[in-house]
């Protein structure tokens, strides 16, 4: 099922995507564009920090893939393998996958997004976030 079909069938998924989109765009220097057919959020139009995936290569997941600091991926996967996974293509770079179709708490989701942003953002943007 593609993203548009999912949103038509499940308005709650559209609401969650819009919440994710709003949070991602709220960070300094961020933008959104499609990359490999999926919404991807960037810092300074260069460095991606989060991707939103629906049924990537028929894996059946609705998920976020996010940049993570070294060592975080294995800790999260070990702590909750029902929610966290190693995504293809970027998992070897330490990125973490988070299943949104398994009722992950918003605090976990927003925390993952903020951590992904901070992992990729330049120092000046990190300082702006830390001041708030």
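Each reported figure results from applying straightforward, stated rules to the coordinates on display, with no laboratory input. Since this is a predicted model, take the numbers as computed values, not measurements. Quick reminder, even Gly has a Cβ in these numbers, built from the backbone with ideal geometry, and neighbours come from all protein chains shown.
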| message | Test of understanding: ordering 12, 114, 108 by Cβ neighbours within 10 Å, fewest first, what list do you get? | response | 12, 108, 114
| note | For the chain, averaging the sequence separation of alpha carbon pairs under 8 Å that lie six or more residues apart and dividing by its residue count, the contact order in percent is 21 percent
| request: Provide Rg over Rh for the stretch 35-113; use the alpha carbon set for both Rg and the Kirkwood Rh (inverse mean inverse pair distance). | output: 0.93
| task | Measure out, as a whole number of angstrom, how far apart the alpha-carbon centroids of the stretch 22-43 and the stretch 58-89 sit. | result | 19 Å
| request: May I ask you to derive the FRET efficiency for residue 25 and residue 105 from their Cβ-Cβ distance with R0 = 25 Å, giving the value to the nearest 0.05? | output: 0.70
| task | Sort 48, 74 so that the residue with the fewest other Cβ atoms within 10 Å of its own Cβ comes first and the one with the most comes last. | result | 74, 48
| Proxy reagent accessibility, fewest Cβ within 10 Å first, across 77, 113 | 77, 113
| Residues residue 45 and residue 75, FRET efficiency given R0 of 30 Å [Cβ-Cβ distance, rounded to 0.05] | 0.45
| said: Just to verify a number: FRET efficiency for residue 32 and residue 58, C-beta to C-beta distance, R0 = 35 Å, to 0.05? | reply: 0.90
